[in-house]
Amino acid sequence: MKTPRFLIAAVLLFWGWQTGFLAVSLLMALVLETALWTKLRWEFSDEDFSRIWTICTLIFLGVAVYAFTDNGGPARFSHLLQNPGPASQTSAGAATSRTASTMLRWLPMVLFLFVAAQAYSSRAEIPLSTISLILRRRWKQAIKLGQPLPARRGMNVSYPYFAICLFAASVHPSDDNSYFWGFCGLTGWALWVNRSRRFGVVLWASVLAVALTGGYFGQYGIGRLQSYIQNLDSQWLERFVRRGGTDASVSKTQLGRIGQLKLSGKIVIRVEPQAGNSPPDYLREASYRVFRKTSWTDGALRENFQHVAQETNGGAYILIGKNSFTKANLTCYLNGYSRESGSPIGLLPLPTGSGRLENLPAFVVKMNNLGAVLAEGPGLVTFNTDYGPGPTMDAPFDTAETRSFTNGYAHYPTSDPTEVFKENPDLFIPPQERSAIAQVTTNWNIPPGNRPAAMRAINDYSQSNFTYSTWQRLPDFRTTNSTPLGIFLTRTHSGHCEYFASATVLLLRQLGVPTRYAVGYAVHEKSGSEYVVRLRDAHAWCLVWNEKARAWQDFDTTPPSWIEEEAKTASSFQKISDLWTWMGFHFSKFRWGQSNFRQYMIIALVPVMGLLAYQVFFRQKRKRRNQGKDHGESLVWPGLDSEFYLIEKHLAARGVIRQPDEPLFDWLRRALADPGLADAAQPLKDLLRLHYRYRFDPQGLNQPDREQLHRAVHACLETLKSSEHKSTQ
């Protein structure tokens, strides 16, 4: 059944409006509607339609692969196989649903070529055998068994395409009722054209109105129920978000750990400076304010992450409004998984003073008031960042802020666990560290709050009296200064970056300078045009408040030799490890949709589809050119002058018609089912055997056999004619 004029154009425009493909839908509608006003037609054969269907199938497969990789399907299903559980199942399910949604939205474009072929074909219908595997199988079985072939059936695909466009339009971002009313209008149009004339217009319109009213209130109620369940679910699951890598709320240091501190040489971040700029010295993931025992915390009473503003049309994420002039390209991993969505999640390592993130393929980006940026998206992200001097993302130092801190060090005999301190978090020094801190600064004679003098004194003290070491011997807790940090300051004078950073933060606070503890990575190893950052480049340093600039500034007192000391721990197989990491990195780019594989795949499909299109649209022209050649040559082909074709013609006149592409053997078996041919069965089989030899044997027939075929065919024809004459008397 054919759709009325303009209905397909209307549903295409509706689909384009709902899904954001309005320009594409306008072009598609113009092409299909033009077929109604032009006499241009092609003589498409069944084979041509099959080839066009193959093109559409290839496009569909390409869209499926593209959508699956674009939505993180390979990674999420890999995670499901490695760590089966509710979170990984949710993640894999989300990837599957997004893939299905993308494929459904694109389906009208995928099938457009097939519908256009019908519109510009000289036939009003497309043979069902083109798209039905069942009908093809039935045809093959009938031919093989010598049974009558099923009737050739066709269909007009206009209405199925109409339904597909309506379903594809349902995958839309808008939350209004535009889709519902558009669906009702288009469906009513299609039903009106095909309504039964036995019932009046009023009755028909009344029934339609009842159906539309029920549909409206039904979808409204379902939407309200879904919204309620989602809100309830998100409130319940919000407490169960698990992150890998750095935690924005707490940093558990290795202070007091005995033995060798070893870190991997695995490359985890790649930095490529833009426009010939130098790389950033540090990539900060998080900062902290309160030191307790051997851990730093953010001091917040609750998680304070807020969504980061994004420019319109999916543009850059604005961390802080300022003019930054230095650009860098960063690639890093998101190592955690959100239990709410199942998506990879992690803190982004960013240069100090970052103000803008461009081309970040994240689903959600949040930031807290201590400069930690949390991203949820694919497991590997590549993006550009603008950074420079000036204000940072961190909340400024507030002189009026005070917090209550309990002692919390019950295992130290000199402490009172019930004692409460009310101090500014950026100036607070734990009671158990105050003795060692005061012992170091007692003779410095620096006025409180003199930031430059305090920084110089601490830096000189650290570089002159301390060494970097990843080895810690068994500490002695018998003295008053028995905390790991106190032993570092007063006795061992040797430790790794966490010791130096923690000591620097507390020493500056002792001198009245607001500080915070920062963690992240140091950038120093160049590799080609980019810089690579390894796990052993993980670093800790101090953030100092500059009242004049109203900004937090990096301050690192760890001896520069720490880079060389860490490099000594590198494996002798690091080159091989780097090669393996490089291969894994590029596989991750493909896995998480950060490579150009999809573009390459589409480019590879273009020549294949072009070849099929050439076969379809230029096949008829090639046939006509071949038919213009001398037909006399074809008469010399062996077997075409066989007298057996006279028998075929004679039996066809009796009603046993040979179907197209039906072998003579199968046709003859059907013909011999007639009881009137029982006496001629064996002679006919012998003649067919001679005919096959004449037709297909490379040696052909010798002269006696050729003459025998001629005589036997005519004798058989005489026998058939005489038997028919007797049966009619």
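Readers should treat all values here as calculations from the given coordinates under stated rules, not as data from a laboratory. This structure is a prediction, so every number in the text was calculated from the model and none was measured. All Cβ positions, glycine included, derive from the backbone under ideal geometry; neighbour counts span all protein chains shown.
Coordinate range of the alpha-carbon atoms in the range 260-391 per principal axis, descending: 44, 36, 30 Å.
Take each peptide in 661-670, 350-359, 696-705, 50-59, count the other Cβ atoms within 10 Å of every residue, and average; sorted highest first, the result is 350-359, 50-59, 661-670, 696-705.
Each principal axis of the Cα cloud of the range 494-572 was taken in turn, and the coordinate range along them, longest first, works out to 47, 32, 16 Å. Mind jotting down the distance between the C-alpha centroids of the range 2-79 and the range 107-128, whole Å? The range 107-128 and the range 2-79 have Cα centres spaced 10 Å from each other. Here the Karplus relation 6.51 cos²θ - 1.76 cosθ + 1.60, evaluated at θ = phi - 60°, turns the backbone of the range 459-470 into coupling constants of 5, 4, 5, 5, 6, 8, 10, 10, 10, 8, 7, 9 Hz, with x for every Gly and Pro. Candidate cross-link partners of Lys2 among the aspartates and glutamates, defined by an alpha-carbon separation under 14 Å and a same-chain spacing of 8 or more, comprise Glu33, Glu125. Got a sec? Which residues in the range 508-548 would a label at Asn359 touch, if it sits 7 Å along Cα→Cβ and we count backbone N under 20 Å? Zone members listed by number: 527-533. Packing here is the average count of other Cβ atoms within 10 Å per residue, and on that basis the peptides 449-461, 104-116, highest first, run 104-116, 449-461. Computed packing ranks the peptides 197-203, 288-294 as 288-294, 197-203, most packed first, by mean other Cβ atoms within 10 Å. Amide H to amide H distances under 5 Å link Gly353 with Met393, where only residues 5 or more positions off or on other chains count and H is placed in the peptide plane. A simple rule links phi to the HN-Hα coupling: the Karplus curve 6.51 cos²θ - 1.76 cosθ + 1.60 with θ = phi - 60°, which for the range 194-206 gives 9, 5, 6, 7, 6, 10, x, 5, 5, 5, 4, 5, 5 Hz, with x for Gly and Pro. Which entries of Lys140/Lys685; Lys293/Lys548; Lys649/Lys685; Lys366/Lys526; Lys327/Lys526 have Cα-Cα distances beyond 28 Å here? Going by Cα-Cα distance, Lys293/Lys548; Lys366/Lys526 fall outside the 28 Å limit. Summary value for the range 631-723: 36 percent relative contact order, contacts being C-alpha pairs under 8 angstrom separated by 6+ residues. Legend: ranking of residues Thr392, Thr102, Thr442 from fewest to most surrounding C-beta atoms inside 10 Å; resulting order Thr442, Thr102, Thr392.
Working value for the range 631-723: equivalent-ellipsoid semi-axes of 22, 16, 12 Å, each the square root of 5 times a Cα gyration tensor eigenvalue, largest first.
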